[in-house]
Amino acid sequence: MRHDPMQTILSDLLGRVDGLAGQRGHLSVPRIHDEVDHIRHIARAFHIDTVEGLAATLESALSLHGLGPVVLSYLDFLRDAIAAEMPSLPPHLTVAPASASPLRA
């Protein structure tokens, strides 16, 4: 079986987004900003333009408004954008669209 580095990168990004969503309410704005900035840098390095753009917009929203429901909405959008880039997902990483399974509690 051949190793696909892009699949690994996308899986890492997906894990980062899910990690942020799972820690909602427990992270400070600067910490979330740093994590989103890291996601944006990875997306830029691998030319994943949709993810990079959404991450940049989320960074701006965090700078202007801090935490709030908008963060989870953008994490949903980021998750969908990453999943759209994946040619096929392993069964344990199956992704439903954000509208079907929102990350909000």
(message) Being part of a helix (DSSP H, G or I) and touching a residue at least 24 places away in the same chain (Cβ under 8 Å) is the filter here; which residues of segment 47-72 pass it?
(response) Thr50, Val51, Leu54, Glu59, Leu62, Ser63, Pro69, Val71, Leu72
(request) Please indicate, with yes or no, whether at least one residue in segment 7-23 is of a type in the set (Ser, Thr, Tyr), assigned to a helix (DSSP H, G or I), out of contact with any helix residue (DSSP H, G or I) (no Cβ under 8 Å at 6 or more places or on another chain) and at pLDDT 90 or above. (result) yes
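Does Arg79 qualify as being surrounded by 15 or more Cβ atoms within 10 Å (Cβ to Cβ) and modelled with pLDDT of 95 or more?
no
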(message) With the requirement that a residue be surrounded by 12 or more Cβ atoms within 10 Å (Cβ to Cβ), among the basic types (Lys, Arg) and either over 19 Å from Thr50 (Cα atoms) or over 15 Å from the mean Cα position of the chain (by Cα) (or both), what does segment 1-26 give you?
(response) Arg24
(message) Being touching a Gly at 6+ places or on another chain (Cβ under 8 Å) and not polar (S, T, N, Q) narrows it down to one residue among Val70, Val29, Val51; which is it?
(response) Val29
(request) Quick one: count up the residues across segment 32-65 that are within 12 Å of Val17 (Cα to Cα) and among the acidic types (Asp, Glu). (result) 2
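The values are calculated or read from the model by the stated rules, or taken from the named source; none is laboratory data. In this text the structure is predicted, and so the values were computed from the model without any measurement. Glycine gets a Cβ as well: all are built from the backbone with ideal geometry, and neighbour counts include every protein chain shown.
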